[in-house]
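Q: Here you go, one structure.
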Amino acid sequence: MTRAAVPAVPYPALDETIRGMEESAHYLHIGAVMEMEGAPPRIDAVLDHVQRRLPLLPPLVGCRDHLASHVRELAVPGCGSGDWARAYDALVNSPAPACAQRPWAVWLVPGEGGDGYLLCYRSHHALHDGVSQMRLMRLLFARTEPTAPPSAPERHKETPALGVRVSGRLRTAAASTRLLVRAPRLPLLPGVPDNRRVLTSAVVPVTRLRAAARSLECSVLDVHIAALSRVAEEADPTGWTAEGRRTRGIVLPVSLDAGGVTPYAGNRFALALVDLPWEQRDLGERARTLAGRTKWLRDPGARWAMGKAMGRLGVAEVGALSGRVFARAGMQTTVLGFTADIGFAGHRARRFINLNCLPAPFPYQPALTLWRDEAVCSITADTALPAAEKLADLWLRAIDVLAPPVPSPTT
């Protein structure tokens with residue numbers, strides 16, 4: 001098997017900023033979990049599997065000599081295919097290997113009595129971003145053994161036409177002007193964070209979200225953000241939803257990658273602040289309004305302008321920009337679509353869930369995963385947040401308003 005080439009990192013200042021955000025580096029992790037049915041494999045089988053796939057994974061190729069320290073078994077009492085809640089809480093709190101350059105791990109979590117198992121991949125965010133992670137998961141856990149590494153060369157973004165570049169610069173400049181005046185910074189938890197995380201999740205059919213997006217003339221992202229805005233109103237004790245002296249929005253990562261199939265080392269994204277229309281009480285109207293506020297993020301000219309700007313910034317400038325964005329928001333979220341046929345030892349995964357363990361300045365972090373026919377909203381929260389264990393249920397209640405479940409036909 002030929003080793004895949006390691007792509008260049010175009011935004012090293014972004015990686016350094018993320019690496020320096022927290023001394024312990026533990027919670028600055030992203031990852032994903034597969035829920036599997038059947039008897040758990042032996043940890044040696046998982047290690048052999050990762051070793052075979054390692055040449056396909058550029059962010060991890062330097063770890064062959066100490067691979068055993070990155071593949072671990074985690075025993076969590078009281079877990080099985082019917083209830084993995086304790087296992088998820090353990091996974092978002094388990095330290096990764098103390099490796100300065102490549103802190104990542106694969107965990108095997110066996111269910112009690114051989115009742116199913118979890119396979120979790122988690123890494124420090126400075127190692128790669130969410131887009132690269134999804135490509136990595138596709139290769140690491142593809143159900144069929146890859147016969148060769150991705151042969152397509154890494155793509156490079158083409159320079160847009162002059163009119164597109166001008167339009168993109170104007171859009172990004174307009175979005176940036178509100179960041180020129182520093183916003184007041186409020187504590188985002190009423191007390192000291194516990195620095196312990198709990199994860200909750202809710203599952204709905206993807207078709208429900210897509211049907212709601214069609215009827216509201218918006219995107220699935222807009223439906224998701226509208227639901228999160230209701231979560232914030234009901235569960236956030238920090239006051240950011242009502243504080244009138246600053247823009248009150250939500251942070252979205254915007255991918256700057258040109259596209260492709262190969263996982264890459266480093267981060268390729270910019271942060272966008274989207275204002276939330278709190279004055280609109282109807283969630284459907286919020287989603288429609290959000291459609292107009294997120295549309296520009298799909299503009300290739302705007303993405304090109306963001307990439308050019310990020311490439312010119314140093315570590316201090318990236319940190320200052322991030323701080324100004326976060327000072328005007330109360331949460332950050334992302335939506336990741338995934339169609340790969342993944343599993344282990346030929347068996348297909350039953351469920352696929354993303355983990356977002358970022359602390360940033362926020363008390364909780366939601367991520368929406370669209371995989372096969374399921375949409376899973378997983379929310380990692382600091383346990384100091386009073387509603388930490390209710391967040392996913394609140395999101396689901398909001399989705400029931402935006403996308404009512406279709407009654408089953410009666411016989």
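Q: Looking at region 284-394 only, what percent of DSSP beta bridges run antiparallel? Nearest 5 please.
A: Details: 10 of 15 bridges.
Approximately 65 percent, going by the DSSP bridge assignments.
Q: While we're here: In region 12-140, with Lys and Arg counted as +1 and Asp and Glu as -1 at Cβ, which of these residues, Q133, G62, I30, has the Cα nearest the positive end of the dipole, that is, farthest along it?
A: G62
Q: Pop a pseudo-label 7 angstrom from the Cα along the beta-carbon direction at both D341 and T383 and give the gap in nm to one decimal.
A: Each label point lies 7 Å from its Cα, and together they span 4.2 nm.
Q: A further question on this structure: If packing is taken as the average number of other Cβ atoms within 10 Å across a peptide's residues, how do 388-398, 217-227, 334-344, 311-321 rank, most packed first?
A: Going from most to least packed, we get 217-227, 388-398, 334-344, 311-321.
Q: In the Gaussian network model of the chain, springs joining C-alpha atoms below 10 Å, which of V251, V401, V325 carries the largest mean-square fluctuation?
A: Of V251, V401, V325, the Gaussian network model singles out V401 as fluctuating most.
Q: While we're here: Test of understanding: in a Gaussian network model of the chain with alpha carbons linked when under 10 Å, which of A258, A232, A68 would top the mean-square fluctuation ranking?
A: In the Gaussian network model the winner is A258.
Q: While we're on this one: Give the residue from V92, V106, A39 lying farthest towards the positive end of the charge dipole for region 12-140; charges sit on Cβ (+1 for Lys and Arg, -1 for Asp and Glu) and the dipole is referred to the Cα centre.
A: It is V106, whose Cα lies furthest towards the positive end.
Q: Note down the magnitude of the dipole of region 277-322 about its Cα centre, charges +1 on Lys and Arg C-beta and -1 on Asp and Glu C-beta and zero elsewhere, to the nearest 20 debye.
A: It works out to roughly 180 debye.
Q: Taking the convex hull of the Cα atoms, report for region 12-140 its projected area averaged over all directions, in nm².
A: Taking a quarter of the hull surface, the average projection is 7.8 nm².
Q: Specify the inter-centroid distance of region 352-399 and region 40-110, based on alpha-carbon positions, in whole Å.
A: 22
Q: What does the net charge come to around P97 if you take all other residues with beta carbon closer than 12 Å to its beta carbon, with K and R at +1 and D and E at -1?
A: Summing Lys and Arg as +1 and Asp and Glu as -1 gives +3.
Q: While we're here: Give me the dipole magnitude in Debye, nearest 20, for the chain about the Cα centre, with unit charges on the beta carbon: positive for Lys and Arg, negative for Asp and Glu. Spell out each step's value before the answer.
A: Working: 48 positive and 39 negative charges, 296 e Å.
Rounded to the nearest 20 debye, it is 1420 debye.
Q: Net charge near F352: determine it from the other residues with C-beta under 13 Å of the C-beta of F352, scoring Lys and Arg +1 and Asp and Glu -1. Before the final figure, lay out each step's value.
A: Values: positive: R138, R143, R348, R350, R351, R372; negative: E35, D341, D373, E374.
Residues close to F352 contribute a combined charge of +2.
Q: Roughly what would the spin-label model give for R64 and A45, points 7 Å off Cα along C-beta, in nm?
A: Here the answer is 2.5 nm between the modelled labels.
Q: Same structure, new question: Calculate, for R298 and R86, the FRET efficiency according to 1/(1 + (r/R0)^6) with r their C-beta to C-beta distance and R0 35 Å; round to the nearest 0.05.
A: 0.35
Q: If you don't mind, another one. Name the residue from A309, L199, V261 whose Cα lies farthest towards the positive end of the charge dipole of the chain, charges +1 on Cβ of Lys and Arg and -1 on Cβ of Asp and Glu.
A: Of the options given, the answer is A309.
Q: Can you give the calculated 222 nm mean residue ellipticity of the chain, where each DSSP H run of n ≥ 4 adds -39,500 (n - 2.57) and the sum is split over every residue, rounded to the nearest 500 deg cm²/dmol?
A: -9500 deg cm²/dmol
Q: Highest mean first, what order results for 364-373, 159-168, 192-201 on Cβ atoms within 10 Å?
A: Working: 364-373: 21.9, 159-168: 14.1, 192-201: 18.8.
So the order, starting with the most tightly packed, is 364-373, 192-201, 159-168.
Q: If you don't mind, another one. Dipole magnitude of region 206-272 about its Cα centre, charges +1 at Lys/Arg Cβ and -1 at Asp/Glu Cβ only, in debye to the nearest 20?
A: 100
Values in this text are rule-based calculations from the coordinates and carry no lab data. Since the structure is predicted, the reported quantities are computational estimates derived from the model, not experimental observations. Because the Cβ atoms are built from the backbone with ideal geometry, glycine has one as well, and the counts that use them run over all protein chains shown.
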